[in-house]
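Worksheet: the structure to be examined is printed underneath.
Please treat every number below as a calculation from the coordinates, not as lab data. Source: prediction; values computed, not measured. Neighbour counts are summed over all protein chains in view; Cβ atoms, including those assigned to glycine, are modelled from backbone coordinates with ideal geometry.
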Amino acid sequence: MKRVMVRYKVKADRAEENQKFVEDVYKELHATAPDGLRYATFKLEDGVTFIHVASIETENGENPLSLTEAFKAFQSDLRDRCEELPVATKLEDVGSYRFFEF
């Protein structure tokens, strides 16, 4: 199992566009229901900082998210939308309460 958090900040004039890309990813995930993935996205109060938290629980370690068309579209020009580029941080479980139980 691999858990990761990704944080980035988009340009103010691209925040709505970025959120639409994220929403499209969730539409595809709900439609295809890939196994081995738990995923959540949060937008901070500033309206331009996004945090994605993923738990990859596939046997081979492959991230099902990276196989979706909507996620590929989301990533296609992410660098251009960003004021601060994404930073991925591996997470180590210390404890949680229903956080990854949906």
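Numerical summary
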quantity: Condition check for Ala70: in a helix (DSSP H, G or I) and in contact (Cβ under 8 Å) with a residue 12 or more places away in the chain; calculated: yes
quantity: Failed condition for Gly61, given (1) surrounded by 11 or more Cβ atoms within 10 Å (Cβ to Cβ); (2) assigned to a loop (DSSP other than H, G, I, E, B); calculated: (1)
quantity: Qualifying positions in region 1-25 - loosely packed, with under 14 Cβ neighbours inside 10 Å and within 27 Å of Val94 (Cα to Cα); calculated: Met1, Lys2
quantity: Region 35-45, subset loosely packed, with under 15 Cβ neighbours inside 10 Å and touching a residue at least 12 places away in the same chain (Cβ under 8 Å), residue nearest to the chain's Cα centre (by Cα); calculated: Ala40
quantity: Qualifying residue in region 92-99 (condition: surrounded by 14 or more Cβ atoms within 10 Å (Cβ to Cβ) and either outside any strand (DSSP E or B) or out of contact with any Gly (no Cβ under 6 Å at 6 or more places or on another chain) (or both)); calculated: no
